[in-house]
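Please read the structure below before turning to the comments.
The values are calculated or read from the model by the stated rules, or taken from the named source; none is laboratory data. Just so you know, these numbers come straight off a predicted model, no measurement behind them. Because the Cβ atoms are built from the backbone with ideal geometry, glycine has one as well, and the counts that use them run over all protein chains shown.
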Amino acid sequence: MKGARSILSERSAMNQALFYLGRAARTTKQMREYLLKKEHSEEIIEATLARLLEYGYLNDGEYAEAFVRSRGSTGGRHKLQIALMQKGLDRETAEHAAASVSNEDELRGAAGWIAKWERQFEGLSERERRDKIYRRLASRGYDWEIIKKALDESKPEDFEDD
């Protein structure tokens with residue numbers, strides 16, 4: 001039978017975990033780090049995580065899907081995958097979630113960035129504009145095929161030599 005102190009510690013950890021989840025969805029890794037920071041024992045943390053998983057309050061797969069839905073237009077699949085892995089998700093879960101972004105969505109996102117940068121590159125030659133846009137889109141996780149297609153589909157007047 002558990003002692004009163006252990007039951008209070010478990011209850012305290014669960015209350016803190018629920019409070020933390022109340023502000024935003026979290027990954028299992030984020031929750032573990034939070035409870036460690038609150039100085040709970042490994043045994044209490046594992047028990048709390050198990051209960052949170054059992055109740056469905058922690059679900060890394062659902063977290064990844066929601067993350068991709070909310071941030072899908074801000075970058076390419078590669079950037080989304082890296083961001084998910086930095087949040088503590090395993091490679092397979094991150095890859096699966098990032099793969100849910102369609103080529104059309106990725107292309108739309110890249111085209112949006114191109115339109116946004118249009119004025120910044122007014123005085124440059126077509127070649128310089130394309131190079132700068134390529135580098136910026138690549139740094140946002142878009143792959144070569146998407147960048148090339150977005151550049152090819154952009155309005156021709158966007159890339160005329162002055």
Enumeration of residues in the stretch 38-61 that are free of Cβ contacts under 8 Å to residues at least 12 places away in the same chain and part of a helix (DSSP H, G or I):
Glu42, Glu43, Glu46, Ala50, Glu54, Tyr55
Before we move on, is Ala17 modelled with pLDDT of 95 or more, more than 30 Å from Ile133 (Cα to Cα) and either surrounded by fewer than 19 Cβ atoms within 10 Å (Cβ to Cβ) or of a type outside the set (Ser, Thr, Tyr) (or both)?
yes
Residue within the stretch 100-118 that is of a type in the set (A, V, I, L, M) and under 11 Å from the mean Cα position of the chain (by Cα) present
no
Looking only at residues that are over 18 Å from Thr74 (Cβ atoms) and surrounded by 13 or more Cβ atoms within 10 Å (Cβ to Cβ) in the stretch 135-156, which one is modelled with the lowest pLDDT?
Ser154
Out of Leu80, Leu107, Leu84, Leu137, report the one residue that is closer than 21 Å to Ala25 by Cα and in contact (Cβ under 8 Å) with a residue 40 or more places away in the chain.
Leu80
Tally time: how many residues in the stretch 89-124 are touching a Gly at 6+ places or on another chain (Cβ under 7 Å) and either of a type in the set (Asp, Glu) or exposed (fewer than 14 other Cβ atoms within 10 Å of the Cβ) (or both)?
2
Please determine, by comparing only the residues of the stretch 23-35 that are at pLDDT 95 or above and in a helix (DSSP H, G or I), which one is farthest from Glu65 (Cα to Cα).
Leu35
If you go through the stretch 52-88, how many residues are surrounded by fewer than 15 Cβ atoms within 10 Å (Cβ to Cβ) and under 29 Å from Asn15 (Cβ atoms)?
9
